[in-house]
Amino acid sequence: MRIFLLILLVLHGFIHLMGFTKAFDLGTFTQLSKEISKPMGVFWLTAFILFLTAAILFFLKKEEWWIVGTTAVIISQILIFTVWNDAKFGTLANLIIFCALLLNYGSYSFEKSYQKDVKENLQRTSKLPTELLTEQDLLPLPEPVQRYIKYSGVVNKPKPHNMRIVFEGQMREKGKDFFPFTCEQYNSFDEPTRLFFMKAKIKGFTVPGYHKYNNASALMDIRLFGFFPIVKKAGKEMNQAETVTLFNDMCLMAPATLIDKRITWQAIDSNSAKATFTNQSNKITAILYFNDEGQLIDFISKDRDVNNYPFSTPVRNYKNKNGLNIMTYGEAIWHYPDGKFVYGKFNLKDIEYNVTALK
């Protein structure tokens, strides 16, 4: 479908050159029997340039292609009306392109609502004072947690007020095949917030989803092409589940935040510890498992599901990213009575802290 649309944009654009060449006597085209003035010929050339530009932006996967494409379709259709008997079939091409533009606009406007929320959070966190994380801050924590934070390389560096993460990977529902996705998320830690926007491809269709968690409340909104609702969830159970997810992010992706006063720790042994995280009315627990090197290797909680099925996120492939030793591959797993179900595979592409502006 993508290749078809790209070819259509290019071919439909080149067809508009006929009007330009006829107006300026650069060629003879029997397809256009009506005379075309030179001023109108400029508009035919403009339509060609706009369609070609839209095709290039579409090929480069630039979301703004719909703006150029919409302008091209409007000009094209006006021109077609002026030579209707000769060019009326061009309306079909414009209609197909317009439908694609409309669907793209749905995803674009849906993502804009996510970006608006991100900007508001960044404006707040960018005003917070900078403080260094010291070894003194680690003293109340269990020994394996201290070891993990030191291993990560965040001691004597600024405490994170927020972070931006980019993943790509695969997800699936139980009994179904994996589908590819890319996602971007911004978390803030002064007021626990998680803004997660995913772009998935399911059977060739674009399915964006927005998971929003702030003020201890969560919303999951998944829409086909950004227009048509597929899943929309909110409420107490969702708040609890997303509190686990947010705390999971803190543990795996922002080790420096584990000194947060909303976390209470209980030592288990030299390679594990139990954490209780409280955010307003949401209270969850998880057990963190570490290896002898100091790496966090698994996170398990029973508070992400009303049936108390264990949820785990084993991770591996630690690498240095922007000065931080951090995992770069992880899985999301449900442990059901009938066995383990891996529903998500995540590859870390980018991570940064104390971000001041939307990327």
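The values are calculated or read from the model by the stated rules, or taken from the named source; none is laboratory data. Every value quoted in this text rests on a predicted model; they were computed, and no experiment measured them. When we count neighbours, we look across all protein chains shown, and the Cβ atoms used for this are built from the backbone with ideal geometry, even at glycine.
What the table below lists for this structure:
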{"item": "From 137, 117, 177, residue being in contact with a Leu (Cβ under 7 Å, 6 or more places away or on another chain) and either acidic (Asp, Glu) or at positive phi (or both)", "result": "117"}
{"item": "Residue in region 131-138 that is surrounded by 13 or more Cβ atoms within 10 Å (Cβ to Cβ) and touching a Lys or Arg at 6+ places or on another chain (Cβ under 6 Å) present", "result": "yes"}
{"item": "Any chance residue 255 is closer than 19 Å to residue 169 by Cβ, assigned by TED's automatic domain parsing to the domain that holds residue 137 and touching a Ser or Thr at 6+ places or on another chain (Cβ under 6 Å)", "result": "no"}
{"item": "Breaking point among (1) out of contact with any Pro (no Cβ under 6 Å at 6 or more places or on another chain); (2) polar (S, T, N, Q); (3) surrounded by fewer than 17 Cβ atoms within 10 Å (Cβ to Cβ), for residue 271", "result": "(1)"}
{"item": "Close pairs from region 149-173: first free of Cβ contacts under 8 Å to residues at least 24 places away in the same chain, partner of a type in the set (Val, Ile, Thr), Cβ under 9 Å, at least 6 apart", "result": "155/134; 155/149"}
{"item": "Hits in region 268-303 - residues which are without any contact (Cβ under 8 Å) to a residue 40 or more places away in the chain, within 15 Å of residue 252 (Cβ to Cβ) and part of a loop (DSSP other than H, G, I, E, B)", "result": "291"}
{"item": "Residues of region 274-307 classified as loosely packed, with under 14 Cβ neighbours inside 10 Å and over 28 Å from the mean Cα position of the chain (by Cα), total", "result": "3"}
{"item": "Residue among 223, 194, 172, 147 that is of a type in the set (D, E, K, R), surrounded by 19 or more Cβ atoms within 10 Å (Cβ to Cβ) and farther than 20 Å from residue 118 by Cβ", "result": "147"}
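Here is a yes/no grid of residues against (1) modelled with pLDDT under 95; (2) small (Gly, Ala, Ser); (3) not in a strand (DSSP E or B):
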residue	(1), (2), (3)
305	yes, no, yes
325	no, no, no
330	no, yes, no
347	no, no, no
351	no, no, no
355	no, no, yes
